[in-house]
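The values are calculated or read from the model by the stated rules, or taken from the named source; none is laboratory data. All values derive from a computational prediction rather than experimental measurement. Here the Cβ positions follow ideal geometry from the backbone for every residue, glycine too, while neighbour counts run over all protein chains shown.
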Amino acid sequence: MIDFAITCVRFAVFVRFMLKSTMIKTSILETGRLILRPLTLEDAPAVQKYFNDWEIIKNLSKVVPWPYPDDGAEDFIKNNALPRMREKGHLIWAITLKENPGEAIGIIDFGHERSLSHGDRGFWIARPFQGRGLMSEAIAAVNDYLFFEVGLEKFTVLNAKSNITSRRVKEKTGAVFIGLTELEHHSGETEAELWDITRENWEKIKNGRDE
């Protein structure tokens, strides 16, 4: 029943998103420490270096291959990410540090056609850059863009039930837990947590930070 309700909500939001998709793009976003820019094929070497990591991939669904192929990043960017950005209006950012904007240290991937097994948004950041609040900083910038520039009201995200780090990022960036769904992950986890992120709740979070 939860899956059905989420599917209905996501379809309604997807229709609105697609009506706007010809007018939006993966804009460059800046935060205090980061530049989020459109993912390009030139990012493949850095993505291959950082994403080919069991500690990252273990928390993902089995749609992601493991062992990760030697050309996994290039294949993903060339045959998956770039076509979705070009043809479906998906928004895919390379996360980079301001002092080194040429190196992707993570990715944020947003699109209402990503399927329930992915949620509307996915993200990862390389292990050397974890524990510094960078992911929450990047997600805050994306939330601002999606709600206040694109004009979305709600989207759905998920994470492996056992992925405490991802859960904490969601809790800090306006997500509200709505239930569990079955989803196999490389780690052996068989459930995923489902979250709604709404414009209304994000505004409350932002107002609380500004006070």
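Evaluate the following for residue 123: is it at pLDDT 95 or above, at negative phi, more than 13 Å from the chain's Cα centre (by Cα) and not β-branched (Val, Ile, Thr)? Walk me through it before giving the result.
Values: at pLDDT 95 or above: yes; at negative phi: yes; more than 13 Å from the chain's Cα centre (by Cα): no; not β-branched (Val, Ile, Thr): yes.
Considered against the rule, which asks whether it is at pLDDT 95 or above, at negative phi, more than 13 Å from the chain's Cα centre (by Cα) and not β-branched (Val, Ile, Thr), residue 123 comes out as no.
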- prompt: For residue 203, are the conditions met, namely being out of contact with any strand residue (DSSP E or B) (no Cβ under 7 Å at 6 or more places or on another chain) and among the charged types (D, E, K, R)?
  reply: yes
- line: Across the range 48-64, the tally of residues that are part of a loop (DSSP other than H, G, I, E, B) and loosely packed, with under 13 Cβ neighbours inside 10 Å stands at 2
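Between 18, 23, which is under 26 Å from residue 150 (Cβ atoms), touching a Lys or Arg at 6+ places or on another chain (Cβ under 9 Å) and either assigned to a helix (DSSP H, G or I) or at pLDDT below 95 (or both)? I'd like the intermediate steps shown before the answer.
Working: 23 fails: touching a Lys or Arg at 6+ places or on another chain (Cβ under 9 Å).
Only one candidate qualifies: 18.
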- request: Being surrounded by 14 or more Cβ atoms within 10 Å (Cβ to Cβ) and of a type in the set (D, E, K, R) is the filter; apply it to the range 172-190 and report the residue that is farthest from residue 132 (Cα to Cα).
  value: 184
task: Consider residue 192 carefully, then state whether it is under 12 Å from residue 59 (Cβ atoms), in contact (Cβ under 8 Å) with a residue 24 or more places away in the chain and out of contact with any Gly (no Cβ under 7 Å at 6 or more places or on another chain).
output: yes
task: Considering only the range 167-211, state which residues are within 17 Å of the chain's Cα centre (by Cα) and among the acidic types (Asp, Glu).
output: 171, 193, 196
